[in-house]
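The values are calculated or read from the model by the stated rules, or taken from the named source; none is laboratory data. None of these values were measured; they are calculated from a predicted model. Using ideal geometry, Cβ is built from the backbone for each residue, glycine included, and neighbour counts are taken over all protein chains shown. When the accessible area is computed, the model is the full protein with side chains, heavy atoms only, and any ligands, DNA or RNA have been set aside. Shrake-Rupley method; radii C 1.70, N 1.55, O 1.52, S 1.80 Å.
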Amino acid sequence: MPRLRHRYRDPITLFAPITWMPFHSPTVRAVAALSLTQLIGWGSTFYLPAVIGPAIARELDIGLTMVMAGPTIMLIVMAMVSWPLSSIFERHGTRSIMAFGSAMGAIGLLLISLAHGPVSYVLPWIILGVAGACMLTTPAQIAVSEVAGEKTHQALGVLILAGGLTSTIVWPTTGLLEAQWGWRMTSVTCAALMLLVCLPLHWIALGRHPRERSPMTATAEPNPIDKPSFTLLALSFAANGFVTWGFALTIIILLEAAGLDHASALAAAAFIGIAQWAGRMVDFLGGRRWSGFLTGLAASALFPLSFIVLLLTSNFAGAMLFATLYGMASGITAVTRATLPLQIFPAGAYARASARLAAPLNLSFAAAPPAFTAIVTLAGAHAALWLALAISIFAFFALLGLFLLHQRMTHALR
C-alpha cells in the first residue's frame, strides 16, 4: 500500500486518467488554478473588445478601430515589460508578481468601465499591458515549471490544452453579460473576477519561491542563454505567430477569396478552432515520447503546406483541408512555444528565456492584425496568402537551423 501511495503522489503523466490525480498534489493544484486564471485573464482583457467593442464605440463616439487598438496597445506594453521581468521571475518566482498582475488587471478593467472618451479608454490598456506581462501565458508557464519539476512538459501540455477553450467559453459568456448589464458592468464584473478569483488563486496555489537551489547555485552567475539558439527560436516563433495572429481577423476574407460563399467560409473558419484543439491534444498525448523538435518541425512544415492548399483550392473540401492542416499546425505550435525552451536552455534559465522570448512574440502578435488587414485592403487576399507562405517557409528553416545547431552543440558536449 505505501508503494501505491508513492506512485500516485504527483501523477501528471500522459496516459494517467485525470480522476487518479489527487488534488493535494502541488502540480495539479497549480495547473487547475492557472487554467482558470488564464481563461479569466485573457477573456477579460484581449478577448473583451471583440464582444463589447461595438457598444463602447457607440457610447463613447469613437471609431471601432480605436476600440480594437486597445488589445494591440496591451500586447506592445507586454513586450516592453517582459524583458525587464525576466530576471525578477528567475530570482523571486512568479507568485507575488502574478498576484500583483491580477490587481493591476482589476484596476485597468475598472478604469475602462469609467471611460468617457478616447483618452480615458486607451490609457487603461497600458495598465492591462503591465498586468498581462505579470500574469498571462509566460508567467503561468514559468509558474508551472517552478512547481512541476521534471513533469513540466506534461503539466504545460494540460495548461495549454485548457487554454484552447478560452474563446469558446469567454465570448458567449461575455455576450450574455453585455446583453443583460451593458458593457460597463461587464467590465466591472471582469475586474471583480481578477481581484476575487485570480489574485487569491495566484497567491494560494503557486509555489512560494522558485524550486530549491543550493547556496552555491544561488550565489553563482545565472545560467547563460545561448544567443544564436535564442535568436533562431525567437525568429521562428515570431514569424509563425505573425501569420496566425494576422489571420485571426482576415481568415474569412481569405477563404471567400478562395471561392467560398460566406456561409462556407464561416464553417471552414470555425473548424480551425477544433483542429487547433486537436493539435494541442496531439502533443498532450505524445509529447512524452516525441522530441519537441520533432513536433515543432512537423507543425512548422504544415503551415506552408496549408497555404499552398488554400492558394490552389476553390471549393469547400479544399478549404476544410486547409483548416485542418492550419489548425493542427497552430495548435501544436502553441504547445511547442512553451515546451521547446525546456529542451534548449538550461533548467535554471527557463524563466529568463521564456520571459525574454515574450518580447519579440508580443511585438509580432501586436503588429500582425493591422499589417494583414492593410495588405488585404491594399493588395488583395492572394497577396496576403503569398506573404503568409513566404513567412512560414522562413519560420520552418529558422527552426530547422536551430535543430541542427542544437544537435551540433549536443554532440560537442559528449
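Condition test on Ser392, is it in contact with a Pro (Cβ under 6 Å, 6 or more places away or on another chain) and within 14 Å of Phe237 (Cβ to Cβ)? It would help to see each step written out before you state the result.
Numbers: in contact with a Pro (Cβ under 6 Å, 6 or more places away or on another chain): yes; within 14 Å of Phe237 (Cβ to Cβ): yes.
For Ser392, the condition - in contact with a Pro (Cβ under 6 Å, 6 or more places away or on another chain) and within 14 Å of Phe237 (Cβ to Cβ) - is met.
Mind checking which residues of the stretch 34-47 are open to solvent by 10 Å² or more (accessible area, probe 1.4 Å) and hydrophobic (A, V, I, L, M, F, W, C)?
Selection gives Leu36, Leu39, Ile40, Trp42, Phe46.
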Which fully enclosed helices (runs of 4 or more DSSP H) of the stretch 309-414 have 2 or more residues being more than 30 Å from Ile126 (Cβ to Cβ), touching a residue at least 60 places away in the same chain (Cβ under 8 Å) and open to solvent by less than 40 Å² (accessible area, probe 1.4 Å)?
316-344, 381-413
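Report the residue count in the stretch 58-74 for those that are among the polar types (S, T, N, Q) and touching a residue at least 60 places away in the same chain (Cβ under 8 Å).
Taking the stretch 58-74 and keeping what is among the polar types (S, T, N, Q), we get 65, 72.
Restricting the remaining residues to those that are touching a residue at least 60 places away in the same chain (Cβ under 8 Å) gives 72.
Count: 1.
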With the requirement that a residue be open to solvent by 20 Å² or more (accessible area, probe 1.4 Å) and over 26 Å from Pro360 (Cβ atoms), what does the stretch 48-65 give you?
Val51, Pro54, Arg58, Glu59, Asp61, Ile62, Gly63, Leu64
Hits in the stretch 294-308 - residues which are open to solvent by less than 10 Å² (accessible area, probe 1.4 Å), in contact (Cβ under 8 Å) with a residue 40 or more places away in the chain and touching a Leu at 6+ places or on another chain (Cβ under 7 Å)
Gly296, Ser300, Phe307
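State yes or no: is Glu90 over 21 Å from the mean Cα position of the chain (by Cα), farther than 19 Å from Ala366 by Cα and touching a residue at least 12 places away in the same chain (Cβ under 8 Å)? Lay out the reasoning, then the answer.
Details: over 21 Å from the mean Cα position of the chain (by Cα): no; farther than 19 Å from Ala366 by Cα: yes; touching a residue at least 12 places away in the same chain (Cβ under 8 Å): yes.
Criteria not met by Glu90.
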